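Notes for the one structure printed next.
No lab work stands behind these numbers, since they all come straight from the coordinates. All of these numbers come straight from a predicted model, not from anything done at the bench. Cβ placement follows ideal geometry from the backbone for every residue including glycine, while neighbour counts extend to all protein chains displayed.
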Ligand code: SF4
Ligand code: F3S
Ligand code: FES
């Protein structure tokens with residue numbers, strides 16, 4: 001059932017084109033019940049403007065590629081219902097990340113760099129992975145905690161919402177701190193707290209975080225970022241004091 005007309009104000013800009021200037025372009029659509037932002041954007045692209053750039057892969061909140069600023073708040077387009085938004089919807093790309101064009105940003109490039117910097121992979125005793133050990137049983141509550149943090153889809157919403165990240169390009173953000181928390185929790189990882197301190201014990205890591213907690217509020221996967229960051233900070237602060 002069509003029930004109300006929605007106005008979209010969408011940021012258009014192609015950084016590859018020197019003649020392109022950032023501007024807001026208006027589109028109107030009739031809202032269908034159950035329509036998501038992802039469906040609306042596809043309708044606009046199919047029926048009104050094939051040049052509009054935005055990303056999606058899974059349409060199910062799993063791949064993290066459709067994150068964008070929706071009336072100033074980072075959200076996943078595929079998980080946002082138009083009925084939950086006002087009649088005028090302003091869409092802009094996530095800040096902080098390299099702009100590809102319009103609503104499309106290169107989160108993957110930044111996430112890869114951050115993951116390499118933080119060595120965000122399992123450091124096991126063996127040179128080559130021992131599959132038997134990878135499958136090793138762990139206490140259910142530990143497995144649950146690791147699994148909780150593993151649900152991160154690297155959408156970039158936490159970075160887009162974080163005031164520290166806007167000021168400090170090398171800040172690893174809640175996504176990076178969450179990865180360290182995840183490997184610290186994992187009993188198969190041989191790294192000690194001092195090793196993690198080497199990776200995040202500075203202003204681009206846990207001491208740069210000002211506890212603004214927007215990351216926790218906007219994470220579409222509801223990761224326990226607040227608890228994990230606070231816990232990491234306490235642990236890392238103890239090491240900092242010990243090293244003074
Ligand atoms: Fe997205 Fe949450 Fe992962 Fe941040 S921590 S990248 S908001 S899923
Ligand atoms: Fe940013 Fe979250 Fe810390 S919003 S300042 S990473 S608590
Ligand atoms: Fe994959 Fe939205 S399209 S999370």
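Which of rounded, prolate, oblate describes region 37-78, given a ≥ b ≥ c as roots of the alpha-carbon gyration tensor eigenvalues and a/c under 1.5 marking rounded, otherwise prolate only if a/b is larger than b/c? Oblate, since a/c reaches 1.5 and b/c is not below a/b. Per q in 0.14, 0.18, 0.26 Å⁻¹, report the Debye log10 I(q)/I(0) for region 168-239, using one uniform scatterer on each alpha carbon and no solvent. Calculated log10 I(q)/I(0) at the listed q: -0.39, -0.65, -1.28.
Counting Cα-Cα pairs of region 205-244 in 5 Å increments starting at 0 gives whole-percent bin shares of 5, 23, 28, 21, 12, 7, 4, 1. Placing a label point 7 Å from the Cα of residue 139 along the Cα-to-Cβ direction, none of the residues of region 205-244 has a backbone N under 15 Å of that point.
Using the Cβ-Cβ distance between residue 4 and residue 117 with R0 = 30 Å, the FRET efficiency computed as 1/(1 + (r/R0)^6) comes to roughly 0.05.
Size descriptors for region 109-233 (Cα atoms only): Rg and Dmax, in that order, 14.4, 44 Å. Taking each residue as 0.36 nm, the span from residue 198 to residue 222 lengthens on full extension beyond its C-alpha to C-alpha distance by 5.9 nm.
Taking the longest Cα principal axis of the chain as reference, the axis of helix 37-47 is set at about 40 degrees. Placing R0 at 22 angstrom, the Cβ-Cβ distance between residue 235 and residue 109 gives a FRET efficiency of 0.15 after rounding to 0.05. Mean separation of Cα pairs under 8 Å and 6 or more residues apart, divided by the residue count, gives the chain a relative contact order of 17 percent.
Multiplying the residue separation of residue 191 and residue 63 by 0.36 nm and removing their Cα-Cα distance gives an extension gain of 43.2 nm.
Residue ranges 202-212, 40-50 sort as 202-212, 40-50 when ordered by packing (mean number of other C-beta atoms within 10 Å per residue, highest first). Subtracting the Cα-Cα distance of residue 16 and residue 83 from their residue separation scaled by 0.36 nm leaves 20.6 nm.
Note on the chain: helix-only mean residue ellipticity at 222 nm, from DSSP H runs of 4+ residues weighted -39500 (n - 2.57) and normalised by residue number, equals -10500 deg cm²/dmol. Calculated on the alpha-carbon coordinates, the convex hull of region 3-131 measures out at 148 cubic angstrom per residue. Per the Debye formula with a single identical scatterer at each Cα and no solvent contribution, what log10 I(q)/I(0) holds for region 49-109 at q = 0.13, 0.26, 0.27 Å⁻¹? Relative scattering, expressed as log10 I(q)/I(0), comes to -0.32, -1.22, -1.28.
I want to make sure I understand the PRE zone here: with the label point 7 angstrom from the Cα of residue 49 toward its beta carbon, which residues in region 97-121 have backbone N atoms less than 15 Å away? What the label zone holds, given the 15 Å backbone N cut-off, is 101-104.
Packing, taken as the mean count of other beta carbons within 10 Å per residue, orders the peptides 53-66, 177-190 from highest to lowest as 177-190, 53-66.
Between 0 and 90 degrees, rounded to the nearest ten: what's the tilt of helix 140-150 against the longest Cα principal axis of the chain? That helix lies at roughly 40 degrees to the long axis.
Rg then Dmax, both in Å and based on the Cα atoms of the chain: 20.4, 66. So what's the angle, to the nearest 10 degrees on a 0 to 90 scale, between helix 173-185 and the longest Cα principal axis of the chain? On a 0 to 90 degree scale, this one is about 40. Put a dot 7 Å past the Cα of residue 244, heading toward its Cβ, do the same for residue 147, and the two dots end up 4.1 nm apart.
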